[in-house]
1. Looking at B:409, B:463, B:396, B:446 in this structure, which one is out of contact with any helix residue (DSSP H, G or I) (no Cβ under 6 Å at 6 or more places or on another chain) and closer than 29 Å to residue A:194 by Cβ?
2. Quick check on residue B:166: is it open to solvent by 40 Å² or more (accessible area, probe 1.4 Å) and touching a residue at least 60 places away in the same chain (Cβ under 8 Å)?
3. Out of the residues in segment B:503-517 that are assigned to a loop (DSSP other than H, G, I, E, B) and small (Gly, Ala, Ser), state the one that is least open to solvent (accessible area, probe 1.4 Å).
4. Here are the criteria: (1) open to solvent by less than 60 Å² (accessible area, probe 1.4 Å); (2) charged (D, E, K, R); (3) away from chain A (no Cβ under 14 Å); (4) in contact with a strand residue (DSSP E or B) (Cβ under 7 Å, 6 or more places away or on another chain). Tell me which single one residue B:329 does not satisfy.
5. Looking at residue A:96, is it within 22 Å of residue B:501 (Cα to Cα) and either without any contact (Cβ under 8 Å) to a residue 12 or more places away in the chain or open to solvent by 50 Å² or more (accessible area, probe 1.4 Å) (or both)?
6. Please go through segment B:347-365 and pick out each residue that is within 14 Å of chain A (Cβ to nearest Cβ) and of a type in the set (S, T, N, Q).
7. I'd like to verify a number: residues in segment B:235-280 that are closer than 16 Å to residue B:313 by Cβ, within 14 Å of chain A (Cβ to nearest Cβ) and out of contact with any Asp or Glu (no Cβ under 9 Å at 6 or more places or on another chain), how many?
8. Confirm whether residue B:251 is farther than 23 Å from residue B:432 by Cα and either at pLDDT below 95 or in a loop (DSSP other than H, G, I, E, B) (or both).
Amino acid sequence: MNIVPVAIIVLVMVAFSQLSKRNILRLNVVAWMVIWWLAIYFALSYGINPPLPASIIGMFMFIVSLALAAYLTTSTDDMEAAKSAFVNFIINPRYALPLILVMIGLPVVSAYNVYSDMTQPPQPPLSTRTIHPPPPPSITFKGKTIDLIEDENPYRALKTDNPAEFAKHVENGRRVYFQNCVYCHGDNMAGRGIFAHGFDPIPANFRDPTTIAMLQETYLFWRIAKGGPGLPAEATPWLSAMPAWEKFLSEEEIWDVIIFMYEFTNQEPRAKEELH
Amino acid sequence: MRNLIIFAILCLALTQLNAQQNIMGSDAQRAAGKVIYDDKCAQCHGYEGDAASVAKTYFRPQPRDFTAATYKFRSTPNGELPTTEDIKRSIRLGMPYTGMPAWPEFSDQELTNLAYYLKTFAQDVFEEYGSTPSIDLQSPPAYSDASRDRGRMVYEENQCLDCHGEYGRGDGKSAPTLVDQWNEPIRPADLTKRWTYRGGATRTDIARTFITGLDGSPMPSYSIEPIEDQWALVDYVYSLGGTDDKYNEANYSVAAFATPYKGDIVIQDVASAKQTYFQNTEVSTFPVVGQVVEPGRAFFPGVNSINIQTIVNEDDIAIMLTWHDMSAETSGGNDPSVELPIYTPDSPPDTMGQYSDAVAVFFPTQESGGPEKPYLMFGDSKLSVDLWYSDLSKSEAQVIVGKGIKSMEPAAEQNLQTWSEYDNGQWTVIFQRKRVQEGAVSFDQEDVFVPIAFTVWDGYNKERGNKRGMTSWYSIHIPTLQKPSPVGPMVETGFWTFLVLGLIVAGVKLRYRNGDA
C-alpha cells in the first residue's frame, strides 16, 4: 500500500464530511456519490503497490458504480433528490452552458479513449503462476524414495542432541550454498544474487517470512532436488531457472544446505503436519 | 608553567590515542564487527580475511584479500589506505556486476564495526598509515557538450582508449592482457554501461575513480590539470553512457518490438543494413547472465546484455543483435551442444582450447496453444525450440532444433541468412528469414507476441556448450503492417456518444417541458 496517496484521500474525505456537517458546503446525495466514486478510483489507482492493471480497476469501478446505484435505490427520498437534480440540470436554463459542455465534452472524452487505446504500445501478455504449488506425496531421489509428508531432515535432531556435529552440517551447508546458490538467491539470501535480474520468475527471498519459514524441510528438499523442471504446470516449470540439484548434489548436501538456510536466516522450519 | 606543559603533553597524548581509536575503533566495536563478518563475509573473503574461502574461485573478480591492505575504492590518493567511511561505502553500496553485493541491511553502526574489523587483517599497516585524509573532490560543474568534446581529447591524451577502447566499450588493445595484483584476469570497465561501474555512476564517482585509481587493478590514478580538463574527462566518460542520470541504472526492456518496413529487405552487409533498415527501429535491451542451471555452469560470463532490433515486411523478418565483447574470437569454432564437466574448486582452470564467439536467438518451434513454453534451457522433449545460431568463425547461419542441451539437431530446412560485423568492441549479427516456414517457428500472425530468448558465447572466456551467457524467456511483438487510422473509430464513438446524450436530454426536456420535476 502507498501510505501517502491513501492518507491524502482519507483526509480529503474527512474534510468533505466536516464541511458538509457544518453546512459550509452543501452536498446532495449525487455529489456524495461522485466523491465516493472518485475516492475509490484514486485509492485503487494510486494507493496500491504494485499498481493494479487498468482492466482490473475498470472491473472494480463497475462494481462500485453498481453498489452506489443500489445504495441510492434504498431510499425513496434519495432517489427523488437524485432524479430531480438530474432533471433540473437538463431543463433549468441556468445550467444551459454546463449542459452544452457535457454534451460536447463526453463525446470528446470517449473519442480520446478510443485514440489512446489504438495508439498505445502493445503490452506483452502477463502469465500467472502458483508460487508455492502443492508438493507430490513422495519423490524418487537417485533411486531412493523420499516421503515428503512423513520424512524429516535426518540431521535436524542433532541441533539438540549433538550441537558439535550439527555445526559441521551447517558449515557444509554454507559451502554448498556459497558454491551453488549464491548467484541467484544472494549473499544474504534475500534473492538479490548477481544473476537475479536476469531471471523471471525472480529467485526466492528466504528472508521473507512467507517463504521457507512457512514450509516443511521436505518441501525444500523437493524444490531443490527437482528444481524448475519438477514443478507442476500451474507453476510454469518452463520459466524457472531453478536447477534440478539432483544432478549436482548428494542427499546429505541438500539436507545440509536446508539446515544452513534456516540457521543463516534465524528461522525455523514449519513443523510436520499432524494427521488426525 | 610546569603544570601547563604537563597539561599540554597530556592533551597531545589524548588526541593521539583518540586518533588511533578513530582508525581502529574500540575492542567492542571490532568484536561486534567480527560477529557480522564471520556470518556474512567470511564465506567469500575467508575467516582470516585472506580470501581463502569456499567461494573464491567461483567469482571474477575474486573476493578481495584484506591482508594485503590494498583497497580499490577509496577517497584517498593512489597507494594510500582507505578511510573508515570509504570501507563503509564499499560495503553499503557493493560493487555492481561483481560478487560483492550491496548491503542495505546493515545499519551505520554495523558498517562502522565491520570496517574496523576489516582493518585488523592488516592491523600494522592501518595503525601506521591509516590516517590519510580524503581528497577534496569538490562538486562538479554542470555538464556541457563543449566540455565533453574537450574531454575526448583528454581521453586520448591520457591513453584511456588503450584499455577502455575507442568508444569506451572496454575493448582497448591491451584489454585482453590485463591482470590484477594477484595475476587474475580483469576486464576494463565498459564505460557505456554506467550501471556496471564498480566505483559508482555519478559524475563525482567518475572523478573519484580516475583521480584515486583502483589499487590492485591495472587502473592507475590520473591527476589531470587544469581542473577544467578533469571535469571535461568526467563529462566525456559520462556522455558515453548517455547524458541523463536515468542511465546510472540499467534500463532493461520487458519485450522486443518489431518495426514494419515498407518494401523489400535486401541486405548486403551489416554497415549498410544499419543505415537502410534499422535506423529508426526500437532497440530493446535484455540482461544476459551466466548459465548456472545445468552442468557446464558459467559463473562469470563475458557478456552482460544484448540488444535486439527487428524489422518485418510482408514476407521477411530480419533481426539485428548487438552486444559488447572485449575481443572478437573468430577462429576455433563453437558448438552449442558440446558436453562440459561439472565445475568444482578442484577442476583445473578452463584455459585450454580455442573457441569462437557465437550467438543464438531462439523461439518455440510451434505454438503450444496455451501459456506453456518450451523449457528455457533450449527446450524439452515435449516442446522444442528453433535456435537461429551463428558461429562467428563461419559465415553461414545454422538452424538447430533443441529439445534440451542433450538433443540439439540441425533443422531439416536451413533457410536462414546471416551477416556479422565486429567493430570496436561491438558484435552485430543480423538474421533474415521468411516469416512463414513449414515445420518451424512462423511469424504469420500480426499484432501478437512470440516468445524469444537469447544466448551468447564469449570465446575469449572459453564459453561453449552450456558454458554460456543466457537470458530468460521474453517476447517479441510482431506488428500490424498496415496500422489502421484511429480517426474513423474516434469519429464514430464521438458521434454515438453525442447521439445517446442528445436522446436523453431531448427525452427529459419533452417530458418535463411544463415545469419542474
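1. Answer to the check: B:463.
2. Values: open to solvent by 40 Å² or more (accessible area, probe 1.4 Å): yes; touching a residue at least 60 places away in the same chain (Cβ under 8 Å): yes.
For residue B:166, the condition - open to solvent by 40 Å² or more (accessible area, probe 1.4 Å) and touching a residue at least 60 places away in the same chain (Cβ under 8 Å) - is met.
3. Restricting attention to segment B:503-517, the residues satisfying the condition of being assigned to a loop (DSSP other than H, G, I, E, B) are B:512-517.
From the residues that got through so far, the ones that are small (Gly, Ala, Ser) too are B:515, B:517.
Values: B:515: 33, B:517: 74 Å².
Top of the filtered list is B:515.
4. The single condition residue B:329 does not satisfy is (4).
5. Numbers: within 22 Å of residue B:501 (Cα to Cα): yes; either without any contact (Cβ under 8 Å) to a residue 12 or more places away in the chain or open to solvent by 50 Å² or more (accessible area, probe 1.4 Å) (or both): yes.
Yes; evaluated as a whole, the condition is true for this residue.
6. To start, the set of residues in segment B:347-365 that are within 14 Å of chain A (Cβ to nearest Cβ) comprises B:347, B:362-365.
Residues satisfying the conditions are B:347, B:365.
7. First pass over segment B:235-280, keeping only residues closer than 16 Å to residue B:313 by Cβ: B:257-267, B:273, B:276-280.
Narrowing further to those that are within 14 Å of chain A (Cβ to nearest Cβ): B:257-260.
Right, trim to out of contact with any Asp or Glu (no Cβ under 9 Å at 6 or more places or on another chain) and you get B:260.
Looking only at that region, the number is 1.
8. Details: farther than 23 Å from residue B:432 by Cα: yes; either at pLDDT below 95 or in a loop (DSSP other than H, G, I, E, B) (or both): yes.
Against the criterion (farther than 23 Å from residue B:432 by Cα and either at pLDDT below 95 or in a loop (DSSP other than H, G, I, E, B) (or both)), residue B:251 qualifies.
The values are calculated or read from the model by the stated rules, or taken from the named source; none is laboratory data. A quick note: this is a predicted structure, and the numbers were derived from the prediction, not measured. Note that each Cβ is placed from the backbone with ideal geometry, even for glycine, and that neighbours are counted across all protein chains shown. Note: areas computed on protein heavy atoms with side chains; ligands, DNA, RNA excluded. Shrake-Rupley method; radii C 1.70, N 1.55, O 1.52, S 1.80 Å.
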